[in-house]
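Working notes for the structure below.
The values are calculated or read from the model by the stated rules, or taken from the named source; none is laboratory data. All of these numbers come straight from a predicted model, not from anything done at the bench. Positions of Cβ are generated from backbone atoms using ideal geometry, with glycine treated the same way; all protein chains shown enter the neighbour counts.
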Amino acid sequence: MPRCLGCGQNIPPGINVCPYCGTRHCVKCGQKLPSSAESCPYCGVLIHPQPKEKQYVSNKWYLLPILLGGVALFATFYTDLSGPYIAFVPVHSTYGLIGGFVAYFLNKKKDSQKAERFLVVGALTLLVIGVAIVAHALLTAQGRISTLALVIKKLCIIVG
Ligand SMILES: [Zn+2]
Ligand SMILES: [Zn+2]
């Protein structure tokens, strides 16, 4: 078993970074490497940069786009769609997405994969709100309710 040139402990073959003291060894010649070296000073082999360890990002960040998405949904629903306030609907509906962006930018350096998922959740709130607005508009529109009822009745007949 090879020995670490930093601390002298036995390290498993094929492991180039000592699990005890963190000393790096050259993959080719096995020499001890300076921590900042980009190539081995003994044999010249290029050293791959150490993969950055992911830092833990709390799942609580999911709540930011979800809660803001909820606020957006609430605000959108309580906007009178027939009045002049309809112009605020696009503004209200972006809250969840903004929450997703904030969670993404604050965490992308720690764990970019997870940060992207926050962004996706933010984007999904926009989708949910979009569907909700369409459903809301359809349900409140004059005459549409009876049409919808008819469609549901027909569906029930088909299913039944
Ligand atoms: Zn060591
Ligand atoms: Zn070397």
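Quick check on the stretch 30-43: of everything there that is modelled with pLDDT of 90 or more and surrounded by fewer than 13 Cβ atoms within 10 Å (Cβ to Cβ), which residue is nearest to CYS7 (Cα to Cα)?
If we take residues in the stretch 30-43 being modelled with pLDDT of 90 or more and surrounded by fewer than 13 Cβ atoms within 10 Å (Cβ to Cβ), then PRO41 is nearest to CYS7 (Cα to Cα).
Give the residue, chosen from SER93, SER36, that is under 30 Å from ALA137 (Cα atoms) and either under 32 Å from the mean Cα position of the chain (by Cα) or without any contact (Cβ under 8 Å) to a residue 12 or more places away in the chain (or both).
Working: SER36 fails: under 30 Å from ALA137 (Cα atoms).
Just a single option satisfies the conditions, and that option is SER93.
Across the stretch 1-45, which residue is farthest from ligand 2 (Cβ to nearest atom) among those that are out of contact with any Pro (no Cβ under 9 Å at 6 or more places or on another chain) and outside any loop (DSSP other than H, G, I, E, B)?
Selected residue: ARG3.
Here is a list of conditions, (1) within 15 Å of ligand 2 (Cβ to nearest atom); (2) within 23 Å of SER112 (Cβ to Cβ); (3) touching a Leu at 6+ places or on another chain (Cβ under 8 Å), and HIS48 meets all of them except one; can you say which number that is?
With respect to (1) within 15 Å of ligand 2 (Cβ to nearest atom); (2) within 23 Å of SER112 (Cβ to Cβ); (3) touching a Leu at 6+ places or on another chain (Cβ under 8 Å), HIS48 is out only on (3).
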